[in-house]
Amino acid sequence: MSETASSSTAITGAEIFCRSLQAEGVEVVFGYPGGAVLHIYDALYRQDKVSHVLVRHEQGAVHAAEGYAKSSDKPGVALVTSGPGATNAITGIADAYMDSVPLVVFTGQVPTSLIGNDAFQEVDTVGITRPCVKHNFLVKDVKDLATTIKKAFYVATTGRPGPVVVDIPKDVTADSCEFEYPESIHMRSYNPVSKGHTGQIRKAVELILSAKQPMIYTGGGVILGKGSEALTEFTRKLGYPITNTLMGLGGYPASDKQYLGMLGMHGTYEANMAMHHADVLIAIGARFDDRVTGNIEKFCPHAKIVHVDVDPSSISKNVKVDVPIVGEVEPVLRELIKGLDENGGKPDAEALATWWKQIEEWQAQDCLKYDQNSELIKPQYVVQKFWELTQGEAFVTSDVGQHQMWAAQFYRFDKPNRWINSGGLGTMGVGLPFAMGVQFAHPDATVGCITGEASIQMCIQELSTCFQYQLPLKILNLNNRYLGMVRQWQEFFYQGRYAMSYMDALPDFVKLAEAYGHVGIQVTQPGDVEGAIKEALAQKERLVFLDFITDQSENVYPMIPAGAGQNEMILV
Amino acid sequence: MRHIISVLLENEAGALSRVAGLFSARGYNIESLTVAPTDDPSLSRMTIVTSGSDEIVEQITKQLNKLIDVIKLLDMTAYPHIEREMALVKVRVPEAADREEAKRLADIFRGRIIDVTHDTYVVEITGEGSKLDAFLEALQPFPVLEVVRSGVMGIARGDVSLQI
């Protein structure tokens, strides 16, 4: 940073852009060129510190940047042109907003003199993105560019992270001024809280120790806040049961005996029942989303609730809590651990033993069981085999639908940042570009994309990007020829009227993969699943597209139907 | 319940639409909204009149605080405070008797006539919203041509103050 931090000669806005990214330590930008960003692309071309990945659609650029950020501890960066470049990026920006992904998205804009004139490729990017960004900026003067970029990275990565859009008119990238990148930034209107309130910590500790039927419920905030280690220490110290949300998987090791699996609509029976019967609920970095709570009127009727979150607006938004603690997950967990030590009290061992006995009864339901003797490929089996054959060490992305739930249920994540999916916005099509971003962040890792034949087609063009950059992804296409989750709801709630959920006229995915320069394998027999995955994993240099023809009638169980409480699950 | 929330925010392009957008996106009520720069030209002060349950108003203040441009806010309703609104009312008063009656009403409400033509008056009146409502009600016999209301401004009494 020091060598790029200042300069005595004037340089162009485009060069300032590159130097600022270098100063931020940005290694890779996902993007797509166009008229309004030509100066920037020219400046990127003439330097070699920041590399650029050319996607095939701007949506792919933003999702790839998300995958990069979610799997690493760095923000993702995307660069697109004005007008359609910006509008194509919106889905990714909204996705990042819902899942609090630290992202800086640069959009080109028409020259300042033309703004508001309905110029070629003009949209009001700041206006369009406003509801789905943490913050956005329009840079009108080259002198403000470096400071704005500094602010953008600061806002995106601190507090509750999120996407920040920086809209840069073309003339600003051509104008010149002296470059000085601020070492640090202070914004009087933005001061995220880090440490928890001491009095609240003490109250929380007392409540936590008073529990007879405790439950720990943690979410994506643990991953984003790098709180996994502290969470594990905290949870083991107490001996309490723990569940993770869809976004929080890997926040606590799934193979641990205190772990009850995911909760929520397709969570485990034991996790949801333990939530329902808990007398003290410890919510950490989770936001009481409707897919988690089920019917809010029936949610945790007996529990006193402690809620730790960096975002005050997440607290008591959906569910009134008793002990709110605003702060970052990691330092607050450390304070809680210290508070437990200082308090000296111990959990009620007798009550806890009774509670665990009850939980074991719920676990005995074996709610994730599925037919092991089917002649058709069971999608759960594919995920389970992939987990086994990668020893749980792969980075796994998914799209949205049934396959996403099976991936969440059957790939057991022991580490954070390994599970990359779209939880909040539920964006079909993210899986492949997410996986690209993950592979750029972890070039040597095994990156699997668990998808379905409908989702994968939404960003299928990125197979071309994967070929250009030789990304050896493993795509597991759970192909049931249906929009599976839509079909499941139509079966349950619309008397089997399968309106528009059947995917007719599917492409030949093997040929499609080959056309893009990759390896394609179709698997139709359960007995061939293991061999195919092994073969895919053995092809270390190639992207392998595994097209599994799965049981069309398989549904995701268990399930909390809409309007029901967590204790009212449909089991198989 | 009705709440008056005063907000100090960066006097920057787009700050107003961030607030307005927040209210529409989250379905919060907005009764009135006034905004202008303060004595410090880098700051704007906004007064929002809204209504909702305690939970909703708590969310409104949290969501407003979350906006990067918002520096500080105060829910006036929690403190003794003064609220004022101004209205400019144009009435048609062609007859001498009407003019006298309109003048008398304006005086009763401590309004001022600030523009006179041969058949119209413009009356300026300030006060709480209910007073303005009452004045407009009293003007019913006359043809009211235009009513311009400023929306509510508020300030807390005594030591409580919203400043950075």
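The values are calculated or read from the model by the stated rules, or taken from the named source; none is laboratory data. As the structure is a prediction and not an experimental result, all values here were calculated from the model. Positions of Cβ are backbone-derived with ideal geometry, glycine not excepted, and every protein chain shown enters the neighbour counts. SASA here: full protein model, heavy atoms, side chains in, ligands and nucleic acids out. Shrake-Rupley method; radii C 1.70, N 1.55, O 1.52, S 1.80 Å.
Quick notes
- Residue within the range B:75-96 that is within 14 Å of another protein chain (Cβ to nearest Cβ), open to solvent by less than 20 Å² (accessible area, probe 1.4 Å) and in contact with a Leu (Cβ under 7 Å, 6 or more places away or on another chain) present: no
- Cross-chain or 6+ apart pairs with Cβ under 6 Å, the range A:45-68 first and farther than 21 Å from A:Thr157 by Cα, then of a type in the set (S, T, N, Q) and part of a loop (DSSP other than H, G, I, E, B): A:Arg56/A:Gln461; A:His57/A:Gln461
- Residues of the range A:280-315 satisfying the condition of being within 14 Å of chain B (Cβ to nearest Cβ), in contact with a helix residue (DSSP H, G or I) (Cβ under 7 Å, 6 or more places away or on another chain), open to solvent by 10 Å² or more (accessible area, probe 1.4 Å) and not acidic (Asp, Glu): A:Arg287, A:Val310, A:Pro312
- Residue check, A:Asp167 within 13 Å of chain B (Cβ to nearest Cβ), outside any helix (DSSP H, G or I) and among the charged types (D, E, K, R): yes
- Index of the failed condition, A:Gly327 passing every other in (1) in contact with a strand residue (DSSP E or B) (Cβ under 8 Å, 6 or more places away or on another chain); (2) closer than 28 Å to A:Met273 by Cβ: (2)
- Residues that are under 33 Å from the mean Cα position of the chain (by Cα) and open to solvent by 80 Å² or more (accessible area, probe 1.4 Å), drawn from the range A:333-363: A:Arg334, A:Lys338, A:Glu360, A:Glu361
- Considering residues of the range A:115-134 that are without any contact (Cβ under 8 Å) to a residue 12 or more places away in the chain and facing chain B (nearest Cβ under 9 Å) only, the residue most open to solvent (accessible area, probe 1.4 Å): A:Pro131
- Which listed residue is surrounded by 22 or more Cβ atoms within 10 Å (Cβ to Cβ), more than 14 Å from chain B (Cβ to nearest Cβ) and in contact (Cβ under 8 Å) with a residue 40 or more places away in the chain, from A:Glu375, A:Glu328: A:Glu328
- Hey, A:Val53 buried (at least 19 other Cβ atoms within 10 Å of the Cβ) and in contact with a Lys or Arg (Cβ under 9 Å, 6 or more places away or on another chain) or not: no
- Among the residues of the range B:34-67, those identified as closer than 21 Å to A:Val155 by Cβ and free of Cβ contacts under 8 Å to residues at least 12 places away in the same chain are B:Lys62, B:Asn65, B:Lys66.
- Among the residues of the range B:115-125, none qualifies, meaning not one is closer than 30 Å to B:Leu22 by Cβ, open to solvent by less than 50 Å² (accessible area, probe 1.4 Å), of a type outside the set (A, V, I, L, M, F, W, C) and touching a strand residue (DSSP E or B) at 6+ places or on another chain (Cβ under 9 Å).
- Members of the range B:1-37 that are among the acidic types (Asp, Glu), within 14 Å of chain A (Cβ to nearest Cβ) and open to solvent by 40 Å² or more (accessible area, probe 1.4 Å): B:Glu12
- Taken as a whole, the structure leaves A:Met262 outside the set of residues that are open to solvent by 30 Å² or more (accessible area, probe 1.4 Å) and under 24 Å from the mean Cα position of the chain (by Cα).
- Being more than 29 Å from B:Glu146 (Cβ to Cβ), assigned to a helix (DSSP H, G or I), open to solvent by 30 Å² or more (accessible area, probe 1.4 Å) and hydrophobic (A, V, I, L, M, F, W, C) is not true of B:Ile60.
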